[in-house]
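All remarks here apply to the structure that follows.
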Amino acid sequence: MDVSQYLEIFIEEAKEHLQNLNEALLEMEKSDDNKDLVNEIFRVAHTLKGMAATMGFKKMTVLTHDMENVLSEIRNGKINISAELLDVLFQCLDALEQYIDQIIETGTEGDKTNQPIIDRLNLILEGKDAKASQEDEKPSESENSQEPQAEAIQDDQETIKRKHKMLSFNEFEKNAILKAQEESYNVYGITIVISESCVLKSARAFIIFRTLEGLGQIIKSHPSVQDIEDEKFDLDFSVFLISSESQDKFLKELNSIAEVEEVYVDEIHLEGTVQNFEAKEHKAQEGEQEEAQEVKPSKEKADNKGQAPTKPKANRTVRVDIERLDNLMNLVSELIIVKNGLETVENNNQNMNEQIEYLERITTNLHDAVMKVRMVPVERVFNRFPRLVRDLARKLNKNLELHMSGEETELDRTVIDEIGDPLVHLIRNACDHGQEMPAERKNSGKSEIGNVYLDAYQDGNNVVIEVADDGNGIDVEKVKAKALNNGTITRDQADAMSDQDIVELLFKPSFSTADQISDVSGRGVGLDVVKTKIEALGGDIEVKTKLGKGSKFIIRLPLTLAIIQALMVRLEDEKYAIPLNTIQNIEDVKVSDIKYIQNQEVINLRGHVIPIIRLDGLLGIERERTEESMTVVIVNKGDKQAGFVVDGLIGQQEIVIKTLGKYLTNIKLIAGATILGDGEVALILDVNSLV
């Protein structure tokens, strides 16, 4: 069977499972006695094994199978969780992620077997204490006396029919059955015989188990679930479960499944009273159904006797290729251009004006709807960072703790895909450069645990992401000295620069304040890349720092890269667009009010000194300045402000951003172009590079 058509689905689902595995392992490191986390990790490994086996990825299958073996022993209480064990499980996670990356790139899992990790997993299994090993190899007395007999008897029809009656229960299973009887539930022993012509017995058994899970709660199977999945059974297997359904219901549902030859159902009754013991003292056996760790009837069932359990709603989402969304966005963009064109048509017909207004509402709503489809939570990026900080803390011998908020904040999918690497750089810097060693923190009166903060929130048409730490902050004098030593600035420039200007030097290429190069940082490759990447996304980055208190890097990103609200302005006969979310206000300024500070034109606007930028000079537009007053558009980039001098205002307009093409890639002042309603092209000013 050709499974290549399912490769994309496999990759997407595998990524989700690996992220769940990552989060569960990190949580287990804080709380190693959490049974639910062990079960969650076991389920992920089990699911990945099944997916990999289906797709034919044998190396992934082997690794996840060995993981499953270790996790099963943890669930059974035969292996204790330790730091060394968690390290091995993290190595398994890394190996699985490498397999997925290889599959994405080449379509195959590659040649790497990760044998050292597999060997360590097997050593962990072999390192069980003698008592646990003996218990593992030796069945309980009751099982020893009955269950082997069932396997010894020749499988004639009568033997098969009563196989489930010959199985024994441990104390935990007995207690669950007695509890169910006490609450008027039925307990059934069921033996299912599969047709000899069945090719994929394990697949058929999977369907049977899914059907049984919908009818009740499984407490035991023979052979074990693992053996059934590995097809280590002949043509029959037995199951015990608790249910409120009748025997006829089971016979009807199971006999309707293809390739099921015979079904035998008996009601089970045990004598005795419910024992009050802690579940944790009686660990579930490996053969227990993985989805039924809590075998006691649930509270929901206890409150609704005689009723079938409520089925959860199916997942009401679909995966859509990002190219299809891009195509849909392009169509919306063309619709907006047509709408803008209609607005320029001179027609006083009232009906036409109403239709144009209606079209505007429709296009706006359609644009909003498409944007919501493209928006994804930043959690998709944030969820990798707890592991990153954990690994850095161990590598740097520091006590570090990551605090995250705003993971539900949404960004355009194209931005999400690009923002991960810049954030990795900032978090690594915060952990390495920002945070002091524990002893140094203690001497300065701080907690030995260094805090790193990652926050996201929406601010107007922007999403703000902040990376902060409570470390030592940026030493401005050290940065200045390094810049002078490297020849980045001259002494005169250094004397004229403010502290904030000096901090901005950190974004210069190949500039680093690290005293020594390590595998974490120190090569001067990072912050310049971060700035370039963020500005390429239409965003900006700024730094706030206080020596001895810590630093904060603030990233502002547009919600969308496709359609924006803009102010159209005129410079001589040319039209330009300024993104509306960067504009603070518009002022009429007299030429006589312009002052000079260090040869830079500035104005004093209500107590704030704002530099003036002559766009005509920067853009190469020739004109004579004879006006007594001028129109100034005040824009802001974080805490910075500037005034753009323009010849006139055209008005606010919704514009579609078009790229300048591959031949005009290094133009710093222009962010793109747009097509106006009359077909004319207007350039969009890049506020980040101008201010």
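Read-outs: derived from the displayed coordinates by stated rules, not from any lab. The structure presented is a predicted model; accordingly, all values stated were derived computationally and were not measured. With ideal geometry, Cβ positions are generated from the backbone for all residues, glycine too; neighbour counts draw on all protein chains shown.
Which of rounded, prolate, oblate describes segment 378-558, given a ≥ b ≥ c as roots of the alpha-carbon gyration tensor eigenvalues and a/c under 1.5 marking rounded, otherwise prolate only if a/b is larger than b/c? Oblate is the answer for segment 378-558, as a/c is 1.5 or above yet b/c matches or exceeds a/b.
Charging the Cβ of each Asp and Glu at -1 and of each Lys and Arg at +1, and nothing else, the dipole of segment 559-682 about its Cα centre rounds to 600 debye.
Loop-located GluC sites (Glu not before Pro) in segment 588-649 (DSSP state not H, G, I, E or B) with no more than 12 neighbouring Cβ atoms inside 10 Å: E622, E624, E627, E628. Rounded to whole numbers, the Karplus 3J(HN,Hα) couplings from phi for segment 667-674 are 8, 6, 7, 10, 8, x, 9, 9 Hz, using 6.51 cos²θ - 1.76 cosθ + 1.60 with θ = phi - 60°, and x at Gly and Pro. Averaging Cα coordinates gives a centre for segment 354-371 and one for segment 172-190; these two points are 61 Å apart.
Close amide H partners of L605, meaning residues 5 or more places away or on another chain with modelled amide H under 5 Å apart, are I610.
Of the peptides 585-592, 614-621, the order by per-residue mean of other Cβ atoms within 10 Å, starting with the highest, comes out as 614-621, 585-592.
Per-residue Karplus couplings for segment 192-197, computed as 6.51 cos²θ - 1.76 cosθ + 1.60 with θ equal to phi - 60°, are listed in order as 10, 10, 9, 4, 5, 7 Hz, Gly and Pro entered as x.
Distance between the 7 Å Cα→Cβ label points at D227 and E182: 3.1 nm. The simple Förster model, with R0 at 51 Å and r as the Cβ-Cβ distance, assigns S592 and I449 a FRET efficiency of 0.30. Taking the inverse of the mean reciprocal distance over all distinct Cα pairs, the Kirkwood hydrodynamic radius of segment 563-690 comes to 15.4 Å.
Taking 1.567 mPa s as the viscosity and 4 °C as the temperature, the Stokes-Einstein diffusion coefficient of segment 167-279 based on its alpha-carbon Kirkwood radius rounds to 88 µm²/s.
Put simply, the amide H of I489, placed in the peptide plane, has neighbours under 5 Å in L484, leaving out anything fewer than 5 places away on its chain.
Annotation: amide H of I219 within the under-5 Å range of F240, L241, I242, sequence separation 5 or more or interchain, hydrogens built in the peptide plane. A simple spin-label model places pseudo-atoms 7 Å from Cα toward Cβ; at S82 and D616 they are separated by 7.9 nm. Applying 0.36 nm per residue to the separation of A494 and D33 and subtracting their alpha-carbon distance, the gain on full extension is 160.3 nm. Note that segment 570-583 has calculated 3J(HN,Hα) couplings of 10, 10, 6, 9, 9, 10, 9, 10, 10, x, 5, 6, 9, 8 Hz, one per residue in order, obtained from phi through the Karplus relation 6.51 cos²θ - 1.76 cosθ + 1.60 (θ = phi - 60°); glycine and proline are x. Take the cross-link list K595/K658; K30/K531; K35/K249; K575/K668; K395/K482; K533/K590 and give me the ones stretching past 29 Å between alpha-carbons. Over 29 Å apart, Cα to Cα: K595/K658; K30/K531; K35/K249; K533/K590.
For segment 1-70, the spread of Cα coordinates along the three principal axes comes to 43, 22, 15 Å, biggest extent given first. Using a simple spin-label model with pseudo-atoms 7 Å out from Cα toward Cβ, A439 and E262 lie 7.6 nm apart.
Take every DSSP beta bridge whose two residues both sit in segment 378-558; close to 75 percent of them are antiparallel. When each of the peptides 417-430, 192-205 is scored by how many other beta carbons lie within 10 Å of its residues on average, the order from highest to lowest is 417-430, 192-205.
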